[in-house]
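The values are calculated or read from the model by the stated rules, or taken from the named source; none is laboratory data. If you're wondering where the values come from, they're calculated on a predicted model, not measured in any experiment. With ideal geometry, Cβ positions are generated from the backbone for all residues, glycine too; neighbour counts draw on all protein chains shown. Note: areas computed on protein heavy atoms with side chains; ligands, DNA, RNA excluded. Shrake-Rupley method; radii C 1.70, N 1.55, O 1.52, S 1.80 Å.
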Amino acid sequence: MIRQANRKDASSVADIYNYYIDNSIITFETEHVSTENMAARIEEIISQNLPYLVVEEDHKVVGYAYASKWKGRCAYRFSVESTVYLDHQATGKRYGTKLYQELFKQLKALNYHAVIGGISLPNPGSIALHEKMGMENVAHFKQTGFKFGKWIDVGYWQKLL
């Protein structure tokens, strides 16, 4: 089941995200995000009339997706950045695909034109998901992040709605 997120989902969303902070280069954050901080992040996205979705399995949040403003300048107002995270034990069940399908549907209804997703590299699973969703690689920035003692490249994938 996919639905709009709310403040009550913050603990589950933070748990999913904090796993990746500790165990991957997928996010460049290095400190855990508190439930309260995550609640504020969720509410900020929703207050901008942008979708913030969660997917549930047996009444437990196992993934989330949202769109955020791409840049602050007015001419960027039809472009958003997408974010999708799944519980590390819930991968391979098409939840990422389902979240992206619903996110794209809602963004199109809101008259957004371009969706941009950033991927820390290497990340073959995320690349496969983005390309499955019709996104194409449009940029590759070398050594833009430093985590776990190594430099990390970032690629950007884009889809026009």
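Okay, here's what the table says:
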quantity	calculated
One residue from 80, 115, 62 being more than 12 Å from the chain's Cα centre (by Cα) and buried (at least 16 other Cβ atoms within 10 Å of the Cβ)	62
Looking only at the range 19-41, and only at residues there that are within 19 Å of residue 95 (Cα to Cα) and of a type outside the set (Val, Ile, Thr), the one that is least open to solvent (accessible area, probe 1.4 Å)	20
Every residue from the range 10-69 that is part of a loop (DSSP other than H, G, I, E, B) and either within 22 Å of residue 145 (Cβ to Cβ) or touching a Phe, Trp or Tyr at 6+ places or on another chain (Cβ under 8 Å) (or both)	24, 25, 26, 27, 28, 29, 30, 31, 32, 33, 50, 51
Residue within the range 42-57 that is of a type in the set (Phe, Trp, Tyr) and surrounded by fewer than 15 Cβ atoms within 10 Å (Cβ to Cβ) present	no
Filter result for residue 93 (surrounded by fewer than 14 Cβ atoms within 10 Å (Cβ to Cβ) and among the basic types (Lys, Arg))	no
